[in-house]
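Asks: Have a look at the structure that comes next, please.
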Amino acid sequence: MKRTKRDVPGIIAGTVLTGAATILLGFLVAFSVVAPSFQASDLIKILGISGVAIGFAFQNILQNFLAGLLLLWAEPFRIGDEIKLDNYEGSVEEIQTRATFIKTYDGRRVVIPNADLFTHPVTVNTALDIRRWEYDLNLKGTQNLDEARAVIIKTVSRVQGVLSDPAPEVLVLDLSDLDSKAAKVRVLWWTKAPRQHEMLTSYDRVLTAIMQTLKPRTVDRSRAA
């Protein structure tokens, strides 16, 4: 996978700002020596008031900057990874010291402040090589539930891209209507395709295979879990 693109200009800018602050401090100290009327206490007051004002003015900027440096150093995710934060989900395009840019699955760009990424839970969908998918089915008029489950497992196991280890599973979630022999089951399977488009392709193949195998009257309705 592509390595994280380091924000070298941003890091250099931070170094320059630190150097400028040091030079400014040295200038003020030198000025207090040249101008005797300029007391050290006045210098401390000026620096104190200025520091508080600057701190409030640049609080968010500094938080994002420090969070960006930590993200670049720790690398919890990289460029190309698909991540989710709150309602935002997409592929990481760029990681800067101030913000991270992601491209959503429908082609929009979202700019996320690094402080949010550092202080909130982030789901990295592509962190691992394999991923589990699931889908809920409502089976209706099933005479033999064990047989229906075995048929579904066998069908899903034959679908392209579905792993044999861990093997597919079919778990019963609800048997609310025993008279009509209705059951709600959850189909689980694993793939080596953790990305969004690959997920949709896997859903398409698995659900199509299930619908073609089971009788039309057996499947009442289905929905993604």
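Asks: If I model a spin label as a point 7 Å beyond the Cα along the Cα-Cβ vector, how far apart are those points for ARG158 and THR213 in nm?
Replies: 0.7 nm
Asks: Between THR119 and LYS192, what FRET efficiency follows from the Cβ-Cβ distance if R0 is 41 Å, with the result rounded to 0.05? Kindly include the intermediate steps, with their values, before the conclusion.
Replies: Numbers: r = 32 Å, r/R0 = 0.79.
Working from the Cβ atoms, E equals 0.80.
Asks: Using a probe of 1.4 angstrom, how much of the accessible area of segment 118-172 is carbon and sulfur, in percent? Please list the in-between numbers first.
Replies: Working: 1630 of 3310 Å².
The value for segment 118-172 is 49 percent carbon and sulfur by accessible area.
Asks: How much net charge surrounds VAL92 when only the other residues with a Cβ under 9 Å from the Cβ of VAL92 are counted, with Lys and Arg +1 and Asp and Glu -1? If you can, show how the numbers build up before the last one.
Replies: On the way: positive: ARG78, LYS103; negative: ASP81, GLU82, GLU93, GLU94.
Net of charged neighbours comes to -2.
Asks: In addition: Between LEU171 and THR22, what is 0.36 nm times their sequence separation minus the Cα-Cα distance? Round to one decimal in nm.
Replies: Numbers: separation 149, 0.36 × 149 = 53.64 nm, distance 6.53 nm.
Length difference between fully extended and current span is 47.1 nm.
Asks: Let me ask something additional. Between ILE61 and THR201, how many nm apart are label points set 7 Å from Cα along the C-beta direction?
Replies: 4.5 nm
Asks: Going through the cross-link list LYS103/LYS192; LYS154/LYS192; LYS84/LYS192; LYS84/LYS154, which pairs have a Cα-Cα distance over 28 Å in this structure?
Replies: Beyond 28 Å between Cα atoms: LYS84/LYS154.
Asks: Using 0.36 nm per residue, how much length does the chain from VAL111 to VAL151 gain when fully extended, once their Cα-Cα distance is taken away?
Replies: Working: separation 40, 0.36 × 40 = 14.40 nm, distance 4.64 nm.
Working it through step by step, the gained length comes to 9.8 nm.
Asks: Still on this structure, please answer the following. When the chain is fully extended, how far beyond the present Cα-Cα distance does GLU134 get from GLU75, taking 0.36 nm per residue of separation? Kindly include the intermediate steps, with their values, before the conclusion.
Replies: Working: separation 59, 0.36 × 59 = 21.24 nm, distance 2.91 nm.
Stretched out fully, the GLU134 to GLU75 stretch lengthens by 18.3 nm.
Asks: How much accessible area per residue does segment 59-111 have, counting only protein heavy atoms and a probe of 1.4 Å, in square angstrom?
Replies: Details: 2980 Å² over 53 residues.
Spelled out: the 1.4 Å probe surface of segment 59-111, per residue, equals 56 Å².
The values are calculated or read from the model by the stated rules, or taken from the named source; none is laboratory data. Small disclaimer: the values here were computed from a predicted structure and weren't measured. Note that each Cβ is placed from the backbone with ideal geometry, even for glycine, and that neighbours are counted across all protein chains shown. Areas reflect the complete protein model, heavy atoms only, side chains present, ligands, DNA and RNA absent. Shrake-Rupley method; radii C 1.70, N 1.55, O 1.52, S 1.80 Å.
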